1. Which members of region 208-224 meet the condition of being in contact with a Pro (Cβ under 7 Å, 6 or more places away or on another chain) and not aliphatic (A, V, I, L, M)?
2. Just checking, which of Leu15, Leu20 is modelled with pLDDT under 60, among the hydrophobic types (A, V, I, L, M, F, W, C) and in contact with a Leu (Cβ under 6 Å, 6 or more places away or on another chain)?
3. Inside region 191-243, counting only helices (runs of 4 or more DSSP H) that do not spill past its ends, which hold 2 or more residues that are of a type in the set (A, V, I, L, M) and at negative phi?
4. Quick check on my filter: what residues within region 61-95 are within 24 Å of the chain's Cα centre (by Cα) and either among the hydroxyl-bearing types (Ser, Thr, Tyr) or not in a strand (DSSP E or B) (or both)?
5. Considering Thr3, Thr53, Thr80, Thr9, which residue is touching an Asp or Glu at 6+ places or on another chain (Cβ under 8 Å), of a type in the set (Ser, Thr, Tyr) and modelled with pLDDT under 85?
6. Can you work out which of the residues in region 385-429 that are at pLDDT below 90 and of a type in the set (Asp, Glu) is surrounded by the most Cβ atoms within 10 Å (Cβ to Cβ)?
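The values are calculated or read from the model by the stated rules, or taken from the named source; none is laboratory data. These numbers were taken from a predicted model, which means no experiment stands behind them. When we count neighbours, we look across all protein chains shown, and the Cβ atoms used for this are built from the backbone with ideal geometry, even at glycine.
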Amino acid sequence: MHTDAPPFTTSTSPLRIPMLPTDWAERQTRELLSIPFVSEFVFRNMRTVDGKTPHQAGDFLILHRGTGILVEQKCQQDPTARNIEKTALWARKNARAGWKQLRRALTRPKDRPVWCDHQRRGRVEFPNGLPVIRHALVIVDVFQTVDLQSDAHELPLEFRNVPITYLSVNDFLNLAVSLRTVSELAEYLAARRSLPHRDLRVIGDEKTLFCFYLLNGGSFAGYLGKDDARIAITSQGYRLGQLLERKAESDHYSLLIEYVADSFAANHPKFEVGPFPSAPDDRVDHAQRMINSLELQAELADLRRGERAELGRAFDSVIQRLLNEKDGFVFRAVWLDSKPDWVYVFAASKNINPSELRSRTIALGRGAMSYYEKRRCLLVLDRDGRSIVTSLFRPEFTPTLADFEVGQRLFGHLRITTTPLEIAPESRV
């Protein structure tokens with residue numbers, strides 16, 4: 001991760017997507033969204049049936065806590081084939097077409113079944129119809145600023161209480177990579193609604209808005225227009241650079257947790273997830289492991305970017321402590337104000353017998369829940385620097401006196417620190 005990287009990238013960045021063919025472009029967009037938003041909750045090519053005719057209900061559905069962000073993407077077959085004027089005409093035409101497709105999706109009966117493609121799960125059905133949509137977006141493949149104001153009468157900013165947002169594909173992907181969680185993307189889109197309508201109908205200039213939002217502590221309060229925002233950004237260039245450096249450091253650790261979630265989603269052969277084990281010889285069948293994996297990913301997807309970063313920082317610290325050791329077992333515990341029922345335990349081991357290691361992890365999870373008085377525990381273990389093992393400890397766990405004693409012995413001597421979570425936290429270096 002380059003700490004001097006800008007928050008948004010242009011057509012020369014790795015986020016540049018050649019849009020030939022359109023299906024390939026959609027797959028690439030899905031891949032980029034699947035890392036920060038966790039792949040199990042990013043769905044592509046949503047479809048339904050009107051009468052006997054199946055048709056598309058949206059290009060992407062991003063789920064979070066049972067609600068979704070619906071996205072319609074419009075891509076050029078060859079972005080170099082048009083000049084500036086023709087590209088603007090194409091963008092306005094396809095913004096209108098994208099909105100019409102969203103409108104059809106949002107006006108369908110609530111109980112009409114829909115289904116979609118998932119890269120791992122195949123066809124996924126929603127028998128009760130489209131989930132509640134928090135935001136709907138039309139994203140258009142252009143790398144220039146395009147004013148949609150002339151089509152304002154055909155491009156509403158809200159429909160049936162659902163906010164409608166118009167962005168370029170590149171800007172949307174940059175927002176996803178910069179904000180990293182569905183909840184923080186939704187917050188940004190909601191805050192963006194306070195802008196003048198003329199600014200909400202301009203695509204291709206999101207970097208200005210995002211930098212203002214970042215400088216303003218995650219808010220558009222005091223926004224007086226893009227010219228004023230550019231002056232603020234220029235005058236606070238040094239401070240913006242510091243914010244970006246701190247954010248990049250934080251994102252580095254957030255990526256570690258996202259990597260863990262993505263590896264479980266992809267059934268990485270060296271990543272194992274299990275339920276709370278009541279005995280060292282428990283066995284978990286494949287179907288149960290799939291359920292456990294989905295539960296793990298849902299928990300990690302529910303965390304905000306700063307929370308993921310703190311967990312990633314804790315996990316990295318135990319890995320680093322054993323990096324130059326021949327053997328050993330180290331651990332840390334973390335809990336979050338937003339998750340009062342949970343304690344997160346990160347551990348690393350080297351050259352420990354598998355049976356002994358399993359016994360230690362069981363004791364560690366039970367002891368953490370007992371000592372910190374939590375109902376849930378997620379334990380993540382780096383085993384010999386080659387594989388990851390997790391255990392989910394569930395609410396039905398009833399601690400014993402021995403568990404309290406183990407918890408006191410393992411965690412009672414640990415130093416407790418409090419860390420405020422901000423959009424660009426203070427550097428720890």
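1. In the first step, residues of region 208-224 are kept if they are in contact with a Pro (Cβ under 7 Å, 6 or more places away or on another chain); the result is 210-211, 214.
Those that are in contact with a Pro (Cβ under 7 Å, 6 or more places away or on another chain) and not aliphatic (A, V, I, L, M): Phe210, Cys211.
2. Details: Leu20 fails: in contact with a Leu (Cβ under 6 Å, 6 or more places away or on another chain).
After ruling out the rest, the residue left standing is Leu15.
3. Details: elements: 197-200, 206-215, 226-235.
Once the helices (runs of 4 or more DSSP H) in region 191-243 are filtered for at least 2 residues that are of a type in the set (A, V, I, L, M) and at negative phi, what remains is 206-215, 226-235.
4. Narrowing region 61-95 to residues within 24 Å of the chain's Cα centre (by Cα): 61-75.
Those that are within 24 Å of the chain's Cα centre (by Cα) and either among the hydroxyl-bearing types (Ser, Thr, Tyr) or not in a strand (DSSP E or B) (or both): Arg65, Gly66, Thr67, Cys75.
5. Values: Thr53 fails: touching an Asp or Glu at 6+ places or on another chain (Cβ under 8 Å); Thr80 fails: touching an Asp or Glu at 6+ places or on another chain (Cβ under 8 Å); Thr9 fails: touching an Asp or Glu at 6+ places or on another chain (Cβ under 8 Å).
Answer to the check: Thr3.
6. Applying the filter and picking the extreme gives Glu422.
Residue-by-condition table, conditions (1) modelled with pLDDT of 65 or more; (2) surrounded by fewer than 18 Cβ atoms within 10 Å (Cβ to Cβ); (3) out of contact with any strand residue (DSSP E or B) (no Cβ under 8 Å at 6 or more places or on another chain):
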site: Ser235; (1), (2), (3): yes, yes, yes
site: Leu243; (1), (2), (3): yes, no, yes
site: Val260; (1), (2), (3): yes, no, no
site: Val273; (1), (2), (3): no, no, no
site: Pro277; (1), (2), (3): no, no, no
site: Asp281; (1), (2), (3): no, yes, yes
site: Val284; (1), (2), (3): no, yes, no
site: Ser293; (1), (2), (3): yes, no, no
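Listed here are the residues, each with its yes/no results for (1) of a type in the set (S, T, N, Q); (2) crowded, with 19+ Cβ neighbours inside 10 Å; (3) free of Cβ contacts under 8 Å to residues at least 60 places away in the same chain.
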site	(1), (2), (3)
Glu40	no, yes, no
Gln56	yes, no, yes
Val71	no, yes, no
Gln76	yes, yes, no
Glu85	no, no, yes
Ala91	no, yes, no
